[in-house]
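Student: Submitted below is the structure of interest, expressed as C-alpha cells.
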Amino acid sequence: MGRNMHFRYMAFNAREGELRGRLKRIPDDTHVLISHGPPLHVLDYIPTLRRHVGCHVLAKRVEQLRGLKAHIFGHIHESHGSTVGETDGVMYVNASICTDRYMPTNKPIIIDL
C-alpha cells in the first residue's frame, strides 16, 4: 500500500503528487484546518490492523502551519477523540461520530479555543 496515503482506496483519496498540490493551497496562516482524514500518527490507529493509517503528506503540511490551533478530521472511526500535540500545541480532533461498525454512537466533541 505504500506510506499510508491510500487507506482502503476510498473517496477523498488522491495520488501523492496531486495531494501535495492541493495541500499547498492551504494558507500558511491557517488557524483551524478541517480535513477528511487524519495526519499520520495522530488519532489514526486501527487496532484490528495494528497500524497507523493517516496521511504522511498531510502530516508534513500540518507541520508547516506554524499558527495552527486546531485540526479537525474523521475517517478513522476507531480513533475518535481529541489530543493536544506535545511539540506543536495543536488541538487534534477525530470527530467521527460513527463507530467502526458505522453506528452513530460516538459522542460529539466540543472545542473551545
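Derivation of every value follows stated rules applied to the coordinates shown; laboratory data play no part. Worth saying up front: this structure is predicted, and the values here are computed from it rather than measured. Glycine gets a Cβ as well: all are built from the backbone with ideal geometry, and neighbour counts include every protein chain shown.
Student: Multiplying the sequence separation of HIS41 and THR99 by 0.36 nm and subtracting their Cα-Cα distance, what value in nm do you get?
Tutor: 19.0 nm
Student: Please state, as a whole number in µm²/s, the translational diffusion coefficient that the Stokes-Einstein equation yields for the chain at 4 °C and 1.567 mPa s, with Rh defined as the Kirkwood radius across alpha carbon pairs. Let's see the in-between values first.
Tutor: Working: Rh = 14.4 Å.
After rounding, the answer is 90 µm²/s.
Student: Next up: Distance in nm between label sites at ARG50 and ARG20, each 7 Å beyond Cα in the beta-carbon direction?
Tutor: Distance between the two pseudo-spin positions: 3.3 nm.
Student: Given the peptides 87-93, 107-113, 51-57, arrange them by the average over their residues of other C-beta atoms within 10 Å, most packed first. Present the calculation step by step, with values, prior to reporting the outcome.
Tutor: Working: 87-93: 16.4, 107-113: 8.4, 51-57: 20.6.
Highest to lowest by the protection proxy: 51-57, 87-93, 107-113.
Student: Ok, one more. Looking at the chain only, what percent of DSSP beta bridges run antiparallel? Nearest 5 please.
Tutor: 45
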